[in-house]
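The structure appears below as structure tokens.
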């Protein structure tokens, strides 16, 4: 996906789909729903994990979202698979090392027949920081003390808001 395009469907990926990616999914959806542009409000967000599927969102992530007035009670963790990759035109990863792991799903023999919306999978993947013009990874907060965990959630919140703001600026230039 070209960085100049506004995606229609965004998949956010972290390791276990219990901390960062679900929080980013809900934060991005929250900020997108506040947009004055229908194109932004219409973006579909979902999350998955390289090893996801354990069920519930980690309690610190859930509490952080609830304190922002966001209800994550319907969330259920899921693992990344080729059919998810096929459905999305942008895949946001939390850490650079995840790029290869996601691409390896495409290379698995059972997945070679899947056409990723007429673009290679590698063109659909970027880190969340890369998507907002920054470098680096979004550190995994799992197991951190609540204070440090919340610091990372605040950084994630800022990144999500920046991404929605970036897309709104692109839409406003087209209007």
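The values are calculated or read from the model by the stated rules, or taken from the named source; none is laboratory data. Just so you know, these numbers come straight off a predicted model, no measurement behind them. Glycine gets a Cβ as well: all are built from the backbone with ideal geometry, and neighbour counts include every protein chain shown.
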Legend entry - Criterion (in contact with a helix residue (DSSP H, G or I) (Cβ under 9 Å, 6 or more places away or on another chain), over 19 Å from residue 172 (Cβ atoms) and surrounded by fewer than 18 Cβ atoms within 10 Å (Cβ to Cβ)) met by exactly one of 39, 9: 9
Legend entry - Residues located in segment 42-60, provided they are surrounded by 16 or more Cβ atoms within 10 Å (Cβ to Cβ) and either in a helix (DSSP H, G or I) or on the phi > 0 side of the Ramachandran plot (or both): 60
Inset, instruction - For residue 24, state whether it is in a helix (DSSP H, G or I), over 18 Å from residue 94 (Cα atoms) and in contact with a strand residue (DSSP E or B) (Cβ under 8 Å, 6 or more places away or on another chain). - result: no
Inset, instruction - Check 151, 135, 146 and return the single one that is touching a strand residue (DSSP E or B) at 6+ places or on another chain (Cβ under 9 Å) and surrounded by fewer than 20 Cβ atoms within 10 Å (Cβ to Cβ). - result: 135
Legend entry - Enumeration of residues in segment 82-92 that are loosely packed, with under 14 Cβ neighbours inside 10 Å and either in contact with a strand residue (DSSP E or B) (Cβ under 7 Å, 6 or more places away or on another chain) or closer than 19 Å to residue 32 by Cα (or both): 87
Inset, instruction - Go through segment 49-82 residue by residue and tally those that are within 25 Å of residue 7 (Cβ to Cβ) and in contact (Cβ under 8 Å) with a residue 12 or more places away in the chain. - result: 20
Inset, instruction - Please work out if residue 79 is out of contact with any strand residue (DSSP E or B) (no Cβ under 8 Å at 6 or more places or on another chain) and either under 25 Å from residue 145 (Cβ atoms) or modelled with pLDDT under 95 (or both). - result: no
Legend entry - Index of the failed condition, residue 16 passing every other in (1) closer than 18 Å to residue 99 by Cα; (2) part of a helix (DSSP H, G or I): (2)
